[in-house]
Amino acid sequence: MSTDARRGRPLGREEIGGWFDGEKGLIDKTIYVDPDIYELELERVFARGWNFMCHESHIPEVGDYFTNYIGEDQVIVVRDENRAIQVLLNTCSHRGNALCRAEMGNTKSFQCTYHGWTFGLDGKLQAVPGGANFYRDKLDTAQWALRKAAKVEQYKGFYFATLDPDAPSLHDYLGEVGRIGIDQMAVHGELVAIDGVQKNVIDCNWKIAVDNLYDWYHVNFSHRSAMRVGFVSASVMQPMQQMVMLGEYGHAIGGPGVSPAQQEVLDGLSDEERTRLDSLSFEERAKLAPRISERRPIRPTHMKEVMGPVGMRAMGHPNIFPNLWISTRALQLSLRLPRGPLKTEVWWFTFMPKSYSLDQRRAMMRFMTHSFGPAGLLEQDDGENWTYSTRAALGRVARRRPQNLQMGLGQDEVREDPSGQRSIETRVNEHAQRWHYRCWTDWLQAESWDELKRTRTPSPTGRI
Ligand code: FES
Ligand SMILES: [Fe+2]
């Protein structure tokens, strides 16, 4: 029986296990609105997992900082005097005031606006006004450093942090599927973050925003207006060739894929053709792609060694569990930050290959800001649907009927490549959404990392 939720009823393993029925593909709507479930998520998903902080290019110099969240805990990610990355809880150790109010910047220290306690870039308490006169030299400043994340690690320049000292390494946490997700960004060479993060709050539960990123069913319907004005085309938005990769702890990639036959064409290129292909820019690849993968930029051939023969073909949307969406059509990352059960703060980070000219940057940014974010044609459609799906779950009677996630259930096969990589190659489906809720259940049921490591659902094989 769990008792670690901040308030409310204790939630036991059996009750948690009853919310998602993987055999029937049904979800209890309570999980989108219940404050006790939300508290348990903060404790067992966000405080336990590895959370995306920022990219190395956000904080290149000593003193550069970037503020982010781990669940509802605000953190400051800062490069200290030794050039190490520190992740400090943004709450003064005196009376809890937020130390840093800016989203990013450069500083020599963090001084609290309330009583003036001052902390170094490593979180140590450096100065206390009235230390001699008022505290009479009795305050043990060594004990009042800022609280730090338990671990901070990076993969290909993308920094993550966890508050749980028992978490596995970031490499092991991401596993093959999570790493392939980030490789989809890293494939474009050295990246730089564009200044500013687009942020807006949508009245929906964070899980509804997350599971939608795997949903290739809604696109032709929800986003029809974007198609009518010619912003996107149906063949790009809902190709029949779909491919899903399911990774441990809940990471997944779902969406279009390059078929094995198409990949064979690429594999059959001569050395000279291969060299020519590898030297193309992101945009040139996108132009070449219609013939090969439904207009998704094809990858440099050497990425096969990094992503493997199956990962190389996955062109869909990766999500790093719990809430980091890698949007690979453009170079964007989106965090779906929980703000209570009924609100989600959506953040959009935009990246560019470092080699881009100013004109290329402008063109890319125009496309990105018109797709997602508060002004994005696509996210406006999505946000409305998420809001009303969440709101309906508050209804006492509406809540009695579960949500339906049955598409493709029991009708596809997990294929295993000789390399050991697994994929489901099929039409539009809901495999990744079901996997998300299956793993989410594992996370909530386990009382520790030790238990989660032992009891997590292994990546599926066979009929799914
Ligand atoms: S709350 Fe920060 S110095 Fe008092
Ligand atoms: Fe959408």
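Across segment 51-155, Cα pairs under 8 Å and at least six residues apart give a relative contact order of 21 percent. With θ taken as phi - 60° and the Karplus curve 6.51 cos²θ - 1.76 cosθ + 1.60 applied, the whole-hertz 3J(HN,Hα) list for segment 418-434 is x, 6, x, 6, 10, 8, 10, 10, 7, 8, 4, 7, 10, 5, 5, 5, 5 Hz, x standing for glycine and proline.
How large is the dipole of the chain about the Cα centre if only Lys and Arg carry +1 and Asp and Glu carry -1, each at its Cβ, rounded to the nearest 20 debye? Intermediate values should be presented prior to the final figure.
Numbers: 57 positive and 60 negative charges, 218 e Å.
The dipole of the chain has a size of about 1040 debye.
Using bins of 10 Å that start at zero, the share of Cα-Cα pairs per bin across segment 355-464 amounts to 11, 22, 27, 29, 11, 1, in whole %. When the chain is described by a simple charge dipole with +1 on each Lys and Arg Cβ and -1 on each Asp and Glu Cβ, the residue from 254, 225, 347 located farthest towards its positive end is 225. Peptide packing: for 435-443, 118-126, the average count of neighbouring Cβ atoms within 10 Å per residue gives the ranking 435-443, 118-126, highest mean first.
Taking N as the residue count of the chain, its C-alpha radius of gyration divided by 2.2 N^0.38 Å amounts to 1.01.
Over the chain, what relative contact order in percent results from Cα pairs under 8 Å that are six or more residues apart? Across the chain, relative contact order equals 20 percent. Computed across segment 305-381, the Kirkwood radius stands at 14.2 Å (inverse of mean 1/r, all Cα pairs).
For the chain, take the longest principal axis of its alpha carbons; what is the angle in degrees between that and the long axis of helix 358-371, to the nearest 10 within 0 to 90? So the helix axis and the longest Cα principal axis differ by about 90 degrees.
Projecting the Cα atoms of 125, 60, 104 onto the charge dipole of segment 51-155, computed from C-beta unit charges around the Cα centre, puts 125 farthest toward the positive end.
Counting helices only, and only those DSSP H runs with n ≥ 4, report the 222 nm mean residue ellipticity of the chain as the sum of -39,500 (n - 2.57) divided by its residues, in deg cm²/dmol to the nearest 500.
Values: 16 runs with 136 residues, N = 464.
That calculation yields -8000 deg cm²/dmol at 222 nm.
Amide H to amide H distances under 5 Å link residue 327 with 332, 333, 334, where only residues 5 or more positions off or on other chains count and H is placed in the peptide plane. Compared with the dominant principal axis of the Cα atoms in the chain, helix 377-392 is inclined by about 70°.
Take the solvent-accessible surface of the protein heavy atoms, probe 1.4 Å, and return the percent of it on segment 189-463 that carbon and sulfur atoms account for.
Working: 5940 of 11810 Å².
Whole-percent figure for carbon plus sulfur exposure: 50.
The values are calculated or read from the model by the stated rules, or taken from the named source; none is laboratory data. All figures in this text were calculated on a predicted structure; none of them were measured in a lab. Cβ sites come from the backbone with ideal geometry, for glycine too, and all protein chains shown count toward neighbours. Surface areas here come from the heavy atoms of the whole protein model, side chains and all, with no ligands, DNA or RNA. Shrake-Rupley method; radii C 1.70, N 1.55, O 1.52, S 1.80 Å.
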